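Each remark here refers to the structure printed beneath this line.
We did not get these values from a lab; they are worked out from the coordinates using the rules stated. Just so you know, these numbers come straight off a predicted model, no measurement behind them. Reconstructed Cβ throughout: ideal geometry from the backbone, glycine too, with neighbour counts over all protein chains shown.
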Amino acid sequence: MRTDIQRIKAKELKAGMTRAFSNPRFDYLIDEVSGSKYGEVKVEHGDFTATDYLNSTDVVWIVVH
């Protein structure tokens with residue numbers, strides 16, 4: 001288990017945070033966070049080349065610096 005993570009809800013994500021996964025090779029820097037027209041949280045990353053849509057109550061991991 002990683003010790004450098006914190007669990008938060010997707011609605012608390014902000015640009016500049018690093019999203020974490022159990023394998024640190026998959027971690028990525030969040031470029032922008034906004035809402036979608038369906039009430040989801042839109043997370044853009046990879047220099048704006050990838051987009052994830054999360055429910056606002058989804059629990060995600062972020063890296064604590």
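When segment 51-65 is examined, which residues are found to be aromatic (Phe, Trp, Tyr) and within 11 Å of residue 17 (Cα to Cα)?
61, the sole residue that qualifies.
Please find, among 48, 21, the residue that is touching an Asp or Glu at 6+ places or on another chain (Cβ under 7 Å) and loosely packed, with under 12 Cβ neighbours inside 10 Å.
Criteria check complete, one pass: 48.
Take the residues of segment 42-65 that are polar (S, T, N, Q) and assigned to a loop (DSSP other than H, G, I, E, B): which is farthest from residue 9 (Cα to Cα)?
Ranking the candidates gives 49 first.
Looking at 56, 22, which one is in contact with a helix residue (DSSP H, G or I) (Cβ under 6 Å, 6 or more places away or on another chain), closer than 25 Å to residue 3 by Cα and among the polar types (S, T, N, Q)?
Every option except 56 fails the conditions.
Residues of segment 1-43 being within 10 Å of the chain's Cα centre (by Cα) and aliphatic (A, V, I, L, M), which ones?
Of everything in segment 1-43, those that are within 10 Å of the chain's Cα centre (by Cα) and aliphatic (A, V, I, L, M) turn out to be 8, 10, 13, 15, 17, 20, 29, 30, 33, 41, 43.
Can you find, within segment 1-53, the residue that is nearest to residue 64 (Cα to Cα) among those that are in contact (Cβ under 8 Å) with a residue 40 or more places away in the chain and among the polar types (S, T, N, Q)?
6
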